[in-house]
1. Report whether or not Ala295 is out of contact with any Lys or Arg (no Cβ under 6 Å at 6 or more places or on another chain), surrounded by fewer than 20 Cβ atoms within 10 Å (Cβ to Cβ) and not in a loop (DSSP other than H, G, I, E, B).
2. Hey, can you tell me all the residues within the range 65-102 that are assigned to a helix (DSSP H, G or I) and either over 17 Å from Val185 (Cα atoms) or touching a Cys at 6+ places or on another chain (Cβ under 8 Å) (or both)?
3. Check whether at least one residue in the range 37-46 is touching a strand residue (DSSP E or B) at 6+ places or on another chain (Cβ under 9 Å), assigned to a strand (DSSP E or B) and within 19 Å of Tyr171 (Cα to Cα), and report yes or no.
4. Of (1) closer than 22 Å to Ser194 by Cα; (2) within 18 Å of the chain's Cα centre (by Cα); (3) surrounded by 22 or more Cβ atoms within 10 Å (Cβ to Cβ), Gly214 satisfies all except one. Which?
5. Here are some conditions: (1) surrounded by fewer than 17 Cβ atoms within 10 Å (Cβ to Cβ); (2) part of a loop (DSSP other than H, G, I, E, B). Ala21 meets all but one. Which one does it not meet?
6. If you go through the range 255-269 one residue at a time, how many are of a type in the set (S, T, N, Q), within 23 Å of the chain's Cα centre (by Cα) and assigned to a helix (DSSP H, G or I)?
7. Among the candidates Glu8, Glu14, which residue alone is over 21 Å from Gly140 (Cα atoms) and either assigned to a strand (DSSP E or B) or under 25 Å from the mean Cα position of the chain (by Cα) (or both)?
8. Pairs under 8 Å by beta carbon, first residue at positive phi and of a type in the set (Phe, Trp, Tyr) in the range 30-51, partner in a loop (DSSP other than H, G, I, E, B) and modelled with pLDDT of 95 or more, six or more apart or different chains?
Amino acid sequence: MAVDYKKEFEDLIEKVMKESASDLHLSEGRYPTIRIAGFLIPLMDRRILTSEDTDGFMNVILGPEDRALFQKTKEIDFSYEYKKQARFRGNGFFQQGAVSFALRLIPRKIKTFEELNLPSILETFTQKQQGFFLVVGPVGHGKTTTLAAMVERINETRAEHIVTIEDPIEYIYEQKKSVIDQREVRTDTHDFASALRSVFRQDVDVILVGEMRGNETMATAVTAAETGHLVLSTLHTNNAAQTINRIIDSFPAAQQDQIRIQLASTLTGIFSQRLIPRISGGLVPAYELLIANAAVSNLIREKRVHEINTVIETGLEQGMIDMNRSLADLVRRGEITAENAYLYSPNPKVLERLI
């Protein structure tokens, strides 16, 4: 009897939504697996998947063009919409010659800063007319969700032309005060760099770049911020100082002074976040916020980026947030365990003095 892979896949999606899971994993030789509050849980009431199963799911998930591209490149980013109830960001890849998929649930409702337990000071960055703002952190720690909350806040409060460049498109915005155009790499544009070069001719006010990939994208984004646009983006870095160094170091030596000067004049802030298991269940963010004031701009210009951590630690009155203080606050409020705080701390010895 032929297997109805469309029905099986939709049953798995229903399970993800019912259990409030964040991710779904499909791989040959394993049970379908979901992630709930950071923990992977195999669905042992289902069968272990075969290569026929993963191929069957591939035919459901990907259209003909994407299937051909996947077979050629051996990996693919995609989005998948389920009955206007749920949207997923996915990645297909091969492992040991077999097809695997990892899908992340993108909630339809864009949550507010309050609902995400994020600091209200982020709102001040949504009010800026120009500048470069980055949300950084490891993969899977909520960077895209935080940026979506910022874009939605602009959408609710300002009449601007917003262009997003994503691979793939994740959150779908309903136009409110702003005009929003969402461009997907491969579907609507060849790559991030091409799309970014085009925005200069699109009467854009706010640009969301899903991810900083390559120095051409970084250079164009910084130039866009310099020429009167508000640019929001992400990087897979751990903190503000590392982020600045990563951007500068991605350029050839001959170009580094130029990008350093541009970054010093355009950077408005860097928000670094981690999602930590909550004692009561679920996840709660801990974070660091660098606000790029005159002192920070000078440190970038003078190649003293290593001193930025000290600026954050002493910049509490200006609204800056230190990761260790954020972790200590969560411990004091009974949100997270001290063990988890130490696990995520950039400097456990300093954290020990704060708890």
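1. Values: out of contact with any Lys or Arg (no Cβ under 6 Å at 6 or more places or on another chain): yes; surrounded by fewer than 20 Cβ atoms within 10 Å (Cβ to Cβ): yes; not in a loop (DSSP other than H, G, I, E, B): yes.
Yes: the conditions hold for Ala295.
2. Result: Gln71, Lys72.
3. First, pick out the residues of the range 37-46 that are touching a strand residue (DSSP E or B) at 6+ places or on another chain (Cβ under 9 Å): 37-43.
Then drop every residue that is not assigned to a strand (DSSP E or B), which leaves 39-42.
Of the ones still in play, those that are also within 19 Å of Tyr171 (Cα to Cα) are none.
Within the range 37-46, not a single residue is touching a strand residue (DSSP E or B) at 6+ places or on another chain (Cβ under 9 Å), assigned to a strand (DSSP E or B) and within 19 Å of Tyr171 (Cα to Cα).
4. It fails just one condition, (3).
5. (1)
6. Applying the first criterion (of a type in the set (S, T, N, Q)) to the range 255-269 yields 255-256, 258, 262, 265-266, 268.
Still in the list and also within 23 Å of the chain's Cα centre (by Cα): 266, 268.
Now narrow it down to the ones that are assigned to a helix (DSSP H, G or I): 266.
The total comes to 1.
7. Criteria check complete, one pass: Glu14.
8. none
The values are calculated or read from the model by the stated rules, or taken from the named source; none is laboratory data. Worth saying up front: this structure is predicted, and the values here are computed from it rather than measured. Cβ sites come from the backbone with ideal geometry, for glycine too, and all protein chains shown count toward neighbours.
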